[in-house]
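I have placed the structure first, in the form of structure tokens, so that the comments after it can refer back to it.
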Amino acid sequence: MIKSVLIANRGEIACRIIKTARKLGIRTVVVYSDVDAHSKAVQSADEAYPIGSAPALESYLNVPLILAVAKQAKVEAIHPGYGFLSENGDFSKACCDEGFIFIGPSPESLQAMGSKKCAKEIAKKLDIPTLPQSEGTLEPSTLGYPLVIKAVMGGGGKGMRVVKSAPSFEKALQACQREAKAAFGSDEVFLEKYVPDARHIEIQIFGDAHENLVHLFERDCTLQRRHQKIVEEAPSGLFLELKDKLYKAALTLGKAIHYENAGTVEFLVDRKGNYYFMEMNPRLQVEHPATETITGLDLVEWQFRVASKEKLPLTQEEILAKGHAIELRLYAEDPAHNFKPVTGEIWIRSLPTLERVDTGLKEFDKVTSYYDSLLAKLIVGGTSREEALKKASRALAQCEVLGLQTNASFLKKLLQDKQVIQNEIDVDFIDRHISMMAPIQNPPDNVYGAASLIKILSKSKLKTSPWEQKMHWRLEGHIPFEFEWICGEERRKVSLTYTLKGWVLNSSQPLEASLSENTLFFSDFRISYWERGEKISLFYEGINYNLVSHISETFQGVVQKKEAYLKAPLTGKVILNLVSEGEWVKAGQSLLILEAMKIEHTIVAPRDGKIKQLFYREGDIVEEGADVLDMGEKE
């Protein structure tokens with residue numbers, strides 16, 4: 001068995017690998033960028049080494065530095081996790097050339113499957129059905145619309161766009177190439193025919209150095225946003241005959257390349273039962289816990305054993321599946337605004353205690369724009385899909401995350417949808433229903449009232465004036481407390497008055513309230529909150545709301561009005577200025593592109609106008625709310 005390992009990754013997957021390594025008595029070493037110096041992974045590992053600044057190209061994608069640390073730490077093996085260098089054949093080869101065990105497939109397998117184009121060519125030769133794709137050209141007329149642009153290297157929805165008509169092709173192509181370059185170090189992309197109304201089904205396979213290869217059943221990853229999975233289930237609801245065809249195709253592909261270690265073969269399955277090979281992910285998947293839940297196996301332990309040249313622990317006949325598993329990905333993002341990632345300080349106040357939770361965050365932590373905004377994975381298991389769905393909903397209800405908006409309430413609505421419950425879904429399901437599941441709506445009055453009460457009650461404890469202690473009492477009576485709040489794109493004025501019967505919000509019925517341990521108590525319900533200066537984050541009826549007092553300028557610019565100065569909607573890097581100073585632009589025209597968490601975000605003109613000044617150059621880092629350009633006064 002391997003005795004020591006360097007984990008060339010960060011966050012949740014680094015913590016996951018450390019957990020199994022500790023169980024097996026393996027010494028763990030992690031590398032970290034500047035912004036991860038105090039991360040959970042760094043604190044959990046036996047040893048930790050700095051590796052560079054926050055951008056991935058300068059740290060987690062820096063192969064020479066990673067290998068130098070591996071030598072310094074005197075480890076036997078390197079585990080790439082998922083993402084970053086996990087599918088990079090050159091990295092795998094470099095590890096082997098330097099005498100390290102690479103915990104993953106051979107360099108040859110990675111070269112074959114790490115490239116989607118190469119993988120599809122191999123599948124075709126094995127008579128595994130594939131979708132039509134561009135051959136040596138990026139000319140869309142060879143396929144027709146709709147089509148999908150995909151990064152040749154990598155995955156996770158990055159460097160990928162569905163294009164439904166010719167006018168949007170060129171813009172989408174350029175965006176995919178930029179995202180692919182930033183995420184995977186290569187801007188190579190290809191075109192593929194798009195299949196609507198399809199399911200995304202993947203087969204988990206595992207091979208060893210002794211020519212043994214097995215499957216561990218399938219996962220249904222159909223529920224996606226921005227082409228990235230957010231809900232994964234195991235097993236799928238496909239007919240057994242169709243499942244067997246997918247198992248056979250996956251094993252055929254794995255055997256053809258003498259595959260070792262963990263891998264996932266992914267297919268699209270249309271409503272008629274036709275299936276098409278999409279790609280192979282030659283690594284451990286984010287959603288591997290779903291398979292672990294129905295099989296009772298530890299796939300990371302299998303990875304270590306196979307890399308140590310042991311045989312697979314079980315034969316195909318000995319691998320059994322029981323029950324149903326669901327994995328939910330909890331993200332820091334705004335579903336109502338195209339799942340825009342959000343960044344900042346976060347307090348994970350509570351997570352489910354009776355279900356599995358995989359996370360790379362501490363109780364108090366910070367989400368940055370440099371990496372994926374995944375907060376945690378919630379994994380539940382039940383005897384049936386119906387039971388698993390109910391347990392998943394209960395698990396989400398136990399999540400209280402303050403400081404940043406999350407997709408928790410969106411996931412709750414998703415799991416309660418009738419079509420989801422009946423398993424009548426496809427890969428476009430969320431896109432079609434997003435306006436109903438995550439509508440743009442203003443917070444209820446009680447949210448503003450609660451924030452105002454928190455301000456009053458928390459400050460009243462600190463006041464020494466007898467007039468303040470009497471809650472604005474004067475000889476002529478109580479004077480109302482006046483507040484103005486910003487929440488999302490809404491500003492709201494609030495008036496609160498204290499009476500002998502309790503607090504009155506505007507003209508509502510009086511309520512008694514008190515504060516204790518970051519909780520606002522009423523007679524029949526409570527609200528969790530986190531107050532930081534002028535910011536208040538609170539949890540009301542299962543939804544997280546983040547408010548800022550009007551005297552703080554932190555969020556004022558995030559709401560794009562029609563003022564001269566346009567603001568950054570999130571922290572990110574300027575990757576493209578699309579206009580020049582002095583240029584006239586029209587309302588809706590793209591002005592500047594920011595990259596955050598390897599996804600592009602475009603700032604558009606709110607009105608016609610003339611660009612007076614650009615405040616940032618390409619490559620500059622922009623903080624959320626900062627002025628990015630001046631359109632001048634409206635003429």
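The values are calculated or read from the model by the stated rules, or taken from the named source; none is laboratory data. Not measured: the values here are computed from a predicted model. Because the Cβ atoms are built from the backbone with ideal geometry, glycine has one as well, and the counts that use them run over all protein chains shown. The area values use the complete protein model at the heavy-atom level, side chains included, leaving out ligands, DNA and RNA. Shrake-Rupley method; radii C 1.70, N 1.55, O 1.52, S 1.80 Å.
Only helical DSSP H runs with n ≥ 4 go in: add -39500 (n - 2.57) per run for the chain, normalise by residue count and round the 222 nm mean residue ellipticity to 500 deg cm²/dmol.
Details: 16 runs with 160 residues, N = 635.
That comes out to -7500 deg cm²/dmol.
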> Given the Cα-Cα distance of ASP244 and ASP270 and 0.36 nm per residue of separation, how much length would full extension add, in nm?
Replying inline: 7.7 nm
> Going from most exposed to least, what order do PHE169, PHE521 have by accessible area with a 1.4 Å probe?
Replying inline: PHE521, PHE169
>> Among PRO480, PRO80, LEU65, whose Cα projects farthest towards the positive end of the dipole of the chain, with charges put on the beta-carbon of Lys, Arg (+1) and Asp, Glu (-1)?
In response: PRO480
> What spacing in nm lies between the two simple spin-label points modelled at SER580 and THR252, each 7 Å away from Cα in the Cβ direction?
Replying inline: 5.6
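Please give the charge dipole size of the range 280-325, origin at the Cα centre, charges +1 on K and R Cβ atoms and -1 on D and E Cβ atoms. Round to the nearest 20 debye. Each step should come with its number before you reach the end.
On the way: 5 positive and 7 negative charges, 30 e Å.
So the magnitude is around 140 debye.
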>> Run the reach check for LYS93 against aspartates and glutamates, Cα to Cα strictly under 14 Å, same-chain hits fewer than 8 apart removed. What comes back?
In response: GLU108
> From the residues PHE522, GLY360, GLY89, which one has its Cα farthest along the dipole of the chain in the positive direction, the dipole being from +1 and -1 charges on Cβ of Lys/Arg and Asp/Glu about the Cα centre?
Replying inline: PHE522
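What is the magnitude of the charge dipole of the chain about its Cα centre, with +1 placed on the Cβ of each Lys and Arg, -1 on the Cβ of each Asp and Glu, and no other charges, expressed in debye to the nearest 20?
Roughly 780 debye for the chain.
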> How far, in nm, would the chain grow between GLN398 and THR519 when pulled straight, counting 0.36 nm per residue and subtracting the alpha carbon separation?
Replying inline: 42.0 nm
> With point charges of +1 on the Cβ of Lys and Arg and -1 on the Cβ of Asp and Glu, referenced to the Cα centre of the chain, which listed residue (LEU415, THR571, THR264) lies farthest in the positive direction of the dipole?
Replying inline: LEU415
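Got a sec? What order do SER4, SER168 fall in by accessible area at 1.4 Å, biggest, i.e. largest, first? Mind dumping the intermediate values first?
On the way: SER4 5, SER168 55 Å².
Final ranking, largest accessible area leading: SER168, SER4.
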> What size of dipole, in debye to the nearest 20, comes out for the range 58-199 about its Cα centre when the only charges are +1 on Lys and Arg C-beta atoms and -1 on Asp and Glu C-beta atoms?
Replying inline: 360
> Listed here are the pairs LYS362/LYS413; LYS455/LYS501; LYS120/LYS243; LYS19/LYS245; which of them are more than 30 Å apart at the Cα?
Replying inline: LYS19/LYS245
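In the range 199-239, which GluC sites (Glu not before Pro) are in a loop and have at most 11 other Cβ atoms within 10 Å, using DSSP for the loop call?
Working: sites: GLU202, GLU211, GLU218, GLU232, GLU233; in loops: GLU211.
Passing both the DSSP loop test and the Cβ count: GLU211.
Can you give the convex hull volume of the alpha carbon atoms of the chain per residue, in Å³? Walk me through the numbers before you get to the answer.
Working: hull volume 108.4 nm³, N = 635.
Hull volume normalised by residue count: 171 Å³.
Kindly rank 158-167, 275-284 from highest to lowest mean number of other beta carbons found within 10 Å of each residue.
On the way: 158-167: 17.4, 275-284: 24.7.
My ranking of the peptides, most packed first, is 275-284, 158-167.
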